[in-house]
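Engineer: To start, I am sharing the structure in question, which I have written as structure tokens.
The values are calculated or read from the model by the stated rules, or taken from the named source; none is laboratory data. Remember, it's a predicted structure, so these values are computed and weren't measured experimentally. For neighbour counting, all protein chains shown are included, and Cβ atoms are generated from backbone atoms with ideal geometry for every residue, glycine included.
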Amino acid sequence: MTRPIPSTARHYAFRLVPGTDVLDALQGFVRDNDLRAVAIVTVVGSLTDAVIRYANQPDGTPSRGHFEIVSMVGTVEPTGAHVHLSLSDGTGRMFGGHMLPGCRVYTTAEIVVAHLEDLAFTRVACALSGYDELAVQAIE
């Protein structure tokens, strides 16, 4: 475990409208507001399109239909994000994994995020995972 760094947080709440790409909107919000470290607090809503990279798979799998967002958690910074998404379909079947661009809002996505004001998130290469992983720095 890396050393935990305390931070104060400012919360933002917003709603995404039908057709919006959720991940693009989140990253756009972070960039447009010059936020350096954001954690997703809660999300409820629905999607018509989902693109998820399942555990230990190299590529995303697209799904089309009507899905409820059951859970969405992660970290976002201006140049990247690591977000996991759990969805359920009309029969209650759940599936989830790493959220990729292409997840589009069906009726709504009600989102609350926390801007960790004393931190900056970046991504650094990780030999174990093969992906860029979170690095946390305190800022003055």
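Engineer: Out of all the residues in the range 33-50, is one or more among the charged types (D, E, K, R), at pLDDT 95 or above and more than 20 Å from Ala114 (Cα to Cα)?
Structural biologist: Within the range 33-50, one or more residues are among the charged types (D, E, K, R), at pLDDT 95 or above and more than 20 Å from Ala114 (Cα to Cα).
Engineer: Consider Ser63 carefully, then state whether it is in a strand (DSSP E or B), under 15 Å from the mean Cα position of the chain (by Cα), closer than 25 Å to Gly130 by Cβ and not hydrophobic (A, V, I, L, M, F, W, C). Outline the logic, then answer.
Structural biologist: On the way: in a strand (DSSP E or B): yes; under 15 Å from the mean Cα position of the chain (by Cα): no; closer than 25 Å to Gly130 by Cβ: yes; not hydrophobic (A, V, I, L, M, F, W, C): yes.
For Ser63, the condition - in a strand (DSSP E or B), under 15 Å from the mean Cα position of the chain (by Cα), closer than 25 Å to Gly130 by Cβ and not hydrophobic (A, V, I, L, M, F, W, C) - is not met.
Engineer: Taking into account only those residues within the range 97-140 that are within 13 Å of Thr75 (Cα to Cα) and in contact with a helix residue (DSSP H, G or I) (Cβ under 9 Å, 6 or more places away or on another chain), which is surrounded by the fewest Cβ atoms within 10 Å (Cβ to Cβ)?
Structural biologist: His115
Engineer: Tell me which residues, restricted to the range 43-79, are loosely packed, with under 15 Cβ neighbours inside 10 Å and within 25 Å of Pro6 (Cβ to Cβ).
Structural biologist: Thr79
Engineer: Still on this structure: Can you tell me which residue within the range 1-31, out of those that are part of a strand (DSSP E or B) and of a type in the set (Lys, Arg), is nearest to Gly102 (Cα to Cα)? Working first, answer last.
Structural biologist: As a first pass, look at the range 1-31 and keep what is part of a strand (DSSP E or B): 9-16, 21.
The next check asks that each one be of a type in the set (Lys, Arg); those that pass are 10, 15.
Details: Arg10: 28, Arg15: 17 Å.
Residue satisfying both the conditions and the ranking: Arg15.
Engineer: Here is a further query. Could you list, in sequence order, all residues of the range 80-96 that are surrounded by fewer than 16 Cβ atoms within 10 Å (Cβ to Cβ) and either assigned to a loop (DSSP other than H, G, I, E, B) or among the aromatic types (Phe, Trp, Tyr) (or both)?
Structural biologist: Asp89, Gly90, Thr91, Gly92, Arg93
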